[in-house]
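The values are calculated or read from the model by the stated rules, or taken from the named source; none is laboratory data. Owing to the predicted nature of the structure, the values given are computational and were not obtained by experimental measurement. Glycine also receives a Cβ, built like all others from the backbone with ideal geometry; neighbour counts cover every protein chain displayed. We work out accessible area using only protein heavy atoms, side chains counted, and drop any ligands, DNA or RNA first. Shrake-Rupley method; radii C 1.70, N 1.55, O 1.52, S 1.80 Å.
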Amino acid sequence: MEFKIEKLIYGGEGIARLHDDKTGRAKAVFVPYVGPGEVVDATIIEEKPGFARARVDKILQPSPSRIEAPCPYFLRCGGCQYQHLEYTEQVNAKAQILEETLARTAKLKLDNPIQTHAAEPYQYRNRTRMRVAHDPAFAIGYYMYGSHSLQPVEQCPISSPLINRALTVLWDLGRNERINGAIREVQFFANDDDSKLLIEFFTHHDTEPDTLRSTIEALRGTMAEVVGVAVFQGAPADDTEDQRAPLTRAKSSPGAFFGERSLIYATKEFDYQVSAGAFFQVNRFLLDDMIDTVTTGRSGKMAIDLYSGGGFFSLPLAKQFQQIIAVEASTHSYADLRTNAPQNVKAIRGDADGVEARGLAVE
């Protein structure tokens with residue numbers, strides 16, 4: 001069946017139209033891995049009353065921006081959706097998607113086009129999280145597109161070089177049966193110059209952290225750059241349920257941490273403590289640009305930083321405003337915020353909407 005792609009939508013799919021014989025109207029058809037304006041031959045794989053999904057069989061008229069994706073796992077791995085398009089086209093598509101989302105959900109019509117900020121499209125991530133499998137064989141990777149089946153990944157082109165080195169080490173340890181079978185997920189976080197690494201292991205709920213000691217010693221013995229390892233039971237640390245709880249067994253057992261609990265992440269002007277389980281901006285090439293964009297030319301008596309994390313924007317804003325109100329719900333990020341913040345930053349732990357509802361108490 002032939003479709004013409006109108007545009008890309010949130011999540012990376014393209015949207016086309018299918019005439020509905022029952023209603024006489026055009027039904028939306030969502031097609032992955034396409035470009036705006038492309039004509040494709042596709043097969044309907046799911047049809048609902050209001051929409052359908054299709055799989056591309058052949059590109060009949062390719063977009064001028066279509067390229068060969070550099071990642072060998074692209075089209076199978078669900079981690080990336082746009083690598084088949086030139087980077088400029090990816091950025092433009094994301095800006096258009098954001099503008100349409102603001103207009104549809106917030107009823108916000110922008111007077112000016114969205115200003116985009118782009119850097120290198122590869123090796124930019126300072127944080128990467130992957131699933132770990134042990135049966136039928138050891139593997140690390142991402143979910144396949146549209147499924148919960150694991151796609152083994154031995155190198156991730158969008159992650160930093162240090163993260164990829166650590167990924168190679170974990171694969172080697174796993175193939176030699178030196179990765180504890182309780183580990184179901186791993187997260188890597190590299191510092192600003194890609195010289196130090198924090199690793200977080202997520203395990204089954206009943207796992208005692210100390211049982212991972214041999215795995216962690218093997219890892220740290222192989223990579224001196226791994227300055228610390230944290231063990232979390234259950235859900236990943238950035239899931240809502242665990243964000244509001246103390247670190248698993250951190251007070252009762254030294255086994256929850258091995259080595260350092262945090263890294264210092266330096267930007268052009270500021271140093272941030274970033275602890276295991278805490279949030280930090282992920283694009284290591286755009287951090288100073290983001291700070292400049294938010295803070296340049298702004299000053300006054302008070303600024304409010306909602307969802308402040310460890311204070312990424314609060315610290316530069318504190319140099320230009322008399323007082324900063326910084327609101328953060330996560331236990332881990334809030335602890336970093338308290339450490340990082342200067343005296344004129346008032347840190348509040350709680351949900352941003354809850355703080356707004358009861359009003360901000362400003363001293």
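Quick check on my filter: what residues within the range 5-19 are open to solvent by less than 20 Å² (accessible area, probe 1.4 Å) and modelled with pLDDT under 95? Before you say what the answer is, go through the steps one by one.
Filtering the range 5-19 down to residues open to solvent by less than 20 Å² (accessible area, probe 1.4 Å) leaves 5, 8, 12, 14-16.
Passing the criteria: only Gly12.
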Residues of the range 309-336 being of a type in the set (S, T, N, Q) and either open to solvent by less than 10 Å² (accessible area, probe 1.4 Å) or not in a loop (DSSP other than H, G, I, E, B) (or both), which ones?
-> Ser314, Gln322, Gln323, Ser330, Thr331, Ser333
Filtered residue count, the range 337-353, keeping only those that are open to solvent by 40 Å² or more (accessible area, probe 1.4 Å), in contact with a helix residue (DSSP H, G or I) (Cβ under 8 Å, 6 or more places away or on another chain) and not in a loop (DSSP other than H, G, I, E, B) | 1
Among the residues of the range 140-149, is there at least one that is outside any loop (DSSP other than H, G, I, E, B) and surrounded by fewer than 18 Cβ atoms within 10 Å (Cβ to Cβ)?
-> yes
Would you point out which residue out of Leu75, Leu8, Leu60 is in contact (Cβ under 8 Å) with a residue 40 or more places away in the chain and touching a Gly at 6+ places or on another chain (Cβ under 6 Å)?
-> Leu8
Qualifying positions in the range 125-139 - open to solvent by 30 Å² or more (accessible area, probe 1.4 Å), within 30 Å of Ile45 (Cβ to Cβ) and either of a type outside the set (D, E, K, R) or within 15 Å of the chain's Cα centre (by Cα) (or both) | Arg129, Arg131, Pro136, Ala137
Could you please let me know if Tyr33 is touching a His at 6+ places or on another chain (Cβ under 6 Å) and either buried (at least 18 other Cβ atoms within 10 Å of the Cβ) or in contact (Cβ under 8 Å) with a residue 60 or more places away in the chain (or both)?
-> yes
Can Leu173 be described as surrounded by 22 or more Cβ atoms within 10 Å (Cβ to Cβ) and in contact (Cβ under 8 Å) with a residue 40 or more places away in the chain?
-> no
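What are the residues in the range 99-139 that are part of a helix (DSSP H, G or I) and polar (S, T, N, Q), if any?
Answer for the range 99-139, where residues must be part of a helix (DSSP H, G or I) and polar (S, T, N, Q): Thr101, Thr105.
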Scanning the range 288-304 for residues that are among the small types (Gly, Ala, Ser) and in a strand (DSSP E or B), the one least open to solvent (accessible area, probe 1.4 Å) turns out to be Ala303
Charged (D, E, K, R), more than 24 Å from Ser149 (Cβ to Cβ) and in contact with a Phe, Trp or Tyr (Cβ under 9 Å, 6 or more places away or on another chain): does that describe Lys7?
-> no
Test result for Glu2, more than 24 Å from Gln155 (Cα to Cα) and open to solvent by 50 Å² or more (accessible area, probe 1.4 Å) | yes
Kindly indicate which of Ala69, Ala93 is crowded, with 17+ Cβ neighbours inside 10 Å, within 21 Å of the chain's Cα centre (by Cα) and farther than 30 Å from His204 by Cα.
-> Ala93
Output for the range 174-200, where each listed residue is of a type in the set (D, E, K, R) and touching a His at 6+ places or on another chain (Cβ under 8 Å) | Arg184
Report yes if some residue within the range 83-91 is closer than 27 Å to Gln155 by Cβ and either of a type in the set (D, E, K, R) or modelled with pLDDT under 95 (or both); otherwise report no.
-> yes
With respect to Gly79, is the statement that it is within 21 Å of the chain's Cα centre (by Cα) and modelled with pLDDT under 95 true?
-> yes
Scanning for something closer than 30 Å to Leu150 by Cβ and touching a residue at least 40 places away in the same chain (Cβ under 8 Å), does the range 14-28 turn up at least one residue?
-> no
If the Cβ limit is 7 Å and pairs must be 6+ apart or interchain, which residue in the range 99-111 that is on the phi > 0 side of the Ramachandran plot pairs with which residue that is open to solvent by less than 100 Å² (accessible area, probe 1.4 Å)?
-> none
